[in-house]
Each structure stands twice: as structure tokens, then as C-alpha cells.
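Everything below concerns the one structure shown next.
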Amino acid sequence: MAKLMVNLILTASIFLLFATCNKDDVEINNTEDFKTYIQEEMEDQDIPALSVLIFNENNIVYEDYQGSSQIQQNVALKNDHLFLLASVSKVVTATALLQLNEDGLFALDDKINDYLSFNVAIPNQNADITFRMLLTHTSGIADGSALDGQYYYGEDSPVALGDFLENYLTPSGNLYNAGENFYDFEPGSKHEYSNTGNALIGLLVQQISGIDFNEYCKQNIFTPLGMTNTAWRLDEISQTIVQPYNYTNGQFEAIDHYTFTDYPNGGLRSTGRDLFKFISAFVQGGNSNNHQLLDSETIDEMITPQIPSIDNEVGLHLFLMNAENNLWGHDGGEQGAATIMAFNPTTKIGAIILANQGDAELDEILAEAYKFGLNL
């Protein structure tokens, strides 16, 4: 019996090793191979719909839209169906702020309190928060449980962004919690990812420009780039929105379309094609659709490690997502949404992957898409 058990364990181990080797050793020689690989990933990861777009400078060299935008209604995914971008949205928010920096309205190492209508201070710390700290997630602002109550299903949040952040970040606010809403470190000394910090970037754009953040993005990013299938608000979308899903007990469970009050950190909805118009500017010296989105010097700064003594993969709201392939970008995860986009600044090749299942792992798909793009 003992020998039988050993043999069974050995056989199982060999099988697992073989399966692992097959999984890691992806061989893609042509478009058919890549399409098959994507289909297998969707099946293995229980992804209802997957949008894959690969670009080289200002050219889309491959795109594929597989699966169902809405399973129950049997709606096949199309290129103009909008995905919730989750934290990929943060790159748009940071871009808006950096445009104002280029306009000379503030310096990256200025104190944010000099530009806000209320004061933000980390409890028991003396250092001031700067714009650069927000852009590198070193501000010390944390994501407390109050954020959980800011989701609104089937509607846009009725709470103003500024009201929410003032209530969350100032001692007199009804959502203030010194222990939950802040980290216990001096601003600039540690790196801790902060959704609330990014929402504060959105508010700073609003208060510095004097324009509502949503309107600012439309005027200075979406409209000039021709991003006609991109919106922060549900009530501004007339196109099909890809349904977000949970996968539980072998079943896909639809999640109602939702927004959240701190929307600049993850509430944007868009398509692969619209995102291409945006992110391709980052490999073209800041220009896309004959519009100068950002200066080339700003983009160089965004992909330069800002806090190497703390983390050498952090730029200005962009991260080194894949060191082997020098891919800079951002990923995102929300209820029923997983996203990733990245580019190589030298080869000028990048990829955008959008899924409507929150547990999907897209890092390997990104790497394989990039390597496939090198041969297109």
C-alpha cells in the first residue's frame, strides 16, 4: 500500500510538472497560434470576454475581441463595447495633472496643501505631502473601510468628489479615521499604493484648473485624441458596456454596472481602440491624433524610477510591469474587471488587454502579446 501511494504521488508530481512546463513554455509562431493561446487562457481563467490590442507606434498591428459582452443576452464582444478600466484609469488622471504641471501651474515638489481648499496632514508626522509623493504612492494616504460605502450600482455616485475627500481626509469630516485613512510613516519615506491618493490627484486637477475633473478630461484628453468611446460617468454612455462578472461555483454571476465616488482612481470606461489613441502617445513623444498630449520630457520622467531607494520600478504613476521586456504601464482590478496596458519605450510596441472577470491574471498574456508584437 505504501509503495502504491508513493507511485501515485510520483505520478501526480510528474503530471503537475509536465502541465506547469507546458503552461510556462508558450510557443507562438503565427496569428493562429496566438489566437489559440488567447482562447485557452479565457477557458482556463473563466474569462467571459477579452479584448486584445497590440500596437507599434501609431499603428494597430493586431486586435481581437473574443467572448460575450453580455452572456445572458448572448451579445458578442465588439470593438466599440466599453470595459470598466479599473486602475488603468489612474494613468489618465495622472496625465491630466501633469498637463497642468507643464502649464507651469505648480511644481512636482510643491506642497499639495498650497493648492487645496482644505488641509491634508498625515497624523503624527511633520512632513508635507507633495505632488510627486501622490504620483509615486508615497504620500501616506491609505484606503480605509469608508471607501466600501462609496459604490453605487446602476447609477453614478451622487456624492461630490471634493466633499467626499474633505470628509475622509480632515479631522472634522464624518469619514475621518486616523488609524484607517493614513499609514504610519512620514510622507515620502515608504511606498504604499493608494487609491484615495489618486482620487486626490483628480480633485487637484479640478481645483487648480477651475474645471470639473470629468469636463477637464473631455476637453484636454478625450476629445482632442478622438476617444469617442470613453467616459467617466454612466449617464454619458449610450454604447454597449461590457457586463462585469464574478465566477462562483462554476457559474458566471452578472454584476450591475456601478460607479464609485472616488472615481478618478478606477472608474473610467473605454475600449481597446480608444486606449490605443491615448497610450500610443507615450511612444510617440507625447503626440497622438495630431495632438500633443504631453511633452516628451514629461513622458521620460514618467518612466524614470522616482524612488529607487524604496522601489526601483515606480515612475510617475507608471510602473515597470515587466523588467525582462522593459514594459512600462499599469494594471487594474475591480469587481468584474481586470485590465492591463503597457509599452516598451525603445521598441515602441505595446499591448492593451481588457477582461470582464475580476480574478483574471493578465500579466502573462501581456508578455506574450508583446513578444508576438515584435514579429508583426
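Kindly indicate whether MET321 is open to solvent by 10 Å² or more (accessible area, probe 1.4 Å), within 18 Å of the chain's Cα centre (by Cα) and within 22 Å of GLY358 (Cα to Cα). Criteria met by MET321. Could you identify the single residue in ASP331, ASP274 that is in a strand (DSSP E or B), within 30 Å of TYR151 (Cβ to Cβ), of a type in the set (Asp, Glu) and in contact (Cβ under 8 Å) with a residue 12 or more places away in the chain? On inspection, the qualifying residue turns out to be ASP331.
Kindly indicate the residue of the stretch 167-204 that is among the aliphatic types (A, V, I, L, M) and under 15 Å from THR93 (Cα atoms) and also surrounded by the most Cβ atoms within 10 Å (Cβ to Cβ) among those meeting that condition. Steps first, answer last, please.
Step one: filter the stretch 167-204 for residues among the aliphatic types (A, V, I, L, M), giving 169, 175, 178, 199-201, 203-204.
From the residues that got through so far, the ones that are under 15 Å from THR93 (Cα atoms) too are 199-201, 203-204.
Numbers: ALA199: 30, LEU200: 27, ILE201: 25, LEU203: 24, LEU204: 23.
Ranking the qualifying residues of the stretch 167-204, first place goes to ALA199.
Only a single item in (1) open to solvent by less than 10 Å² (accessible area, probe 1.4 Å); (2) without any contact (Cβ under 8 Å) to a residue 24 or more places away in the chain; (3) not aliphatic (A, V, I, L, M) is not met by THR93, and it is number (2).
Scanning the stretch 118-166 for residues that are open to solvent by 20 Å² or more (accessible area, probe 1.4 Å) and over 21 Å from ALA178 (Cβ atoms) returns ARG132, TYR151, TYR152, TYR153, GLY154, GLU155, ASP156, SER157, PRO158, VAL159, ALA160.
Limited to the stretch 48-67, what total is found for residues that are under 21 Å from GLY250 (Cα atoms) and either without any contact (Cβ under 8 Å) to a residue 24 or more places away in the chain or open to solvent by less than 30 Å² (accessible area, probe 1.4 Å) (or both)?
Of the residues in the stretch 48-67, the ones under 21 Å from GLY250 (Cα atoms) are 48-50, 66-67.
After this cut, where a residue has to be either without any contact (Cβ under 8 Å) to a residue 24 or more places away in the chain or open to solvent by less than 30 Å² (accessible area, probe 1.4 Å) (or both) as well, the list is 48-50, 66.
Matching residues across the stretch 48-67 total 4.
Being open to solvent by less than 30 Å² (accessible area, probe 1.4 Å), over 16 Å from the mean Cα position of the chain (by Cα) and under 19 Å from VAL61 (Cβ atoms) narrows it down to one of ILE353, ILE365, ILE340, ILE349, so name that one.
Working: ILE353 fails: over 16 Å from the mean Cα position of the chain (by Cα); ILE365 fails: over 16 Å from the mean Cα position of the chain (by Cα); ILE340 fails: over 16 Å from the mean Cα position of the chain (by Cα).
Sole residue among the options that is open to solvent by less than 30 Å² (accessible area, probe 1.4 Å), over 16 Å from the mean Cα position of the chain (by Cα) and under 19 Å from VAL61 (Cβ atoms): ILE349.
Mind counting the residues in the stretch 299-310 that are in contact (Cβ under 8 Å) with a residue 60 or more places away in the chain and open to solvent by 50 Å² or more (accessible area, probe 1.4 Å)?
1
Counting the residues of the stretch 141-173 that are farther than 23 Å from GLN125 by Cβ and either part of a loop (DSSP other than H, G, I, E, B) or at pLDDT below 95 (or both) gives 7.
In this structure, does GLN207 turn out to be touching a residue at least 24 places away in the same chain (Cβ under 8 Å), assigned to a helix (DSSP H, G or I), surrounded by fewer than 18 Cβ atoms within 10 Å (Cβ to Cβ) and among the polar types (S, T, N, Q)? So GLN207 passes the test.
The values are calculated or read from the model by the stated rules, or taken from the named source; none is laboratory data. The structure displayed is predicted, hence computed values, not measured ones. As a convention, Cβ positions derive from the backbone with ideal geometry for all residues, glycine included, and neighbour counts pool all protein chains shown. Areas reflect the complete protein model, heavy atoms only, side chains present, ligands, DNA and RNA absent. Shrake-Rupley method; radii C 1.70, N 1.55, O 1.52, S 1.80 Å.
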